[in-house]
Amino acid sequence: MATRQSIEQFIQQCEDSLRYAQEQMNEGSKQEFYHDEEFTNAMQNLEETYNDLLKLYHSANAQQREQLHRMRLQIQQMQTNMILVHY
């Protein structure tokens, strides 16, 4: 079972990934994606975070799964937004 602290730390990591992705999406829209490498790194970071979330989900209790589920939805929405903005 995942500990409360490990879930909290992971949620913080997710929020950091989302914040970085949002910053890169904002910068990309201002500069017409001249910083494509950073944008791609942000997308890869989100994907890695998403995969880590799925692994952690299996060892979480019901309340933790709910937290992780909400975070998963936020990550997926950001991934979708980044794809739509970039292409």
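Coordinate-derived values only; no laboratory data. As the structure is a computational prediction, the values presented were derived from the model and not from experiment. Cβ sites come from the backbone with ideal geometry, for glycine too, and all protein chains shown count toward neighbours.
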- line: The residue that is farthest from Gln24 (Cα to Cα), considering only those in the stretch 45-55 that are crowded, with 17+ Cβ neighbours inside 10 Å and not β-branched (Val, Ile, Thr), is Leu53
message: For the stretch 56-87, which positions are among the polar types (S, T, N, Q), surrounded by 11 or more Cβ atoms within 10 Å (Cβ to Cβ) and part of a helix (DSSP H, G or I)?
response: Gln64, Gln67, Gln74, Gln76, Gln77, Gln79, Asn81
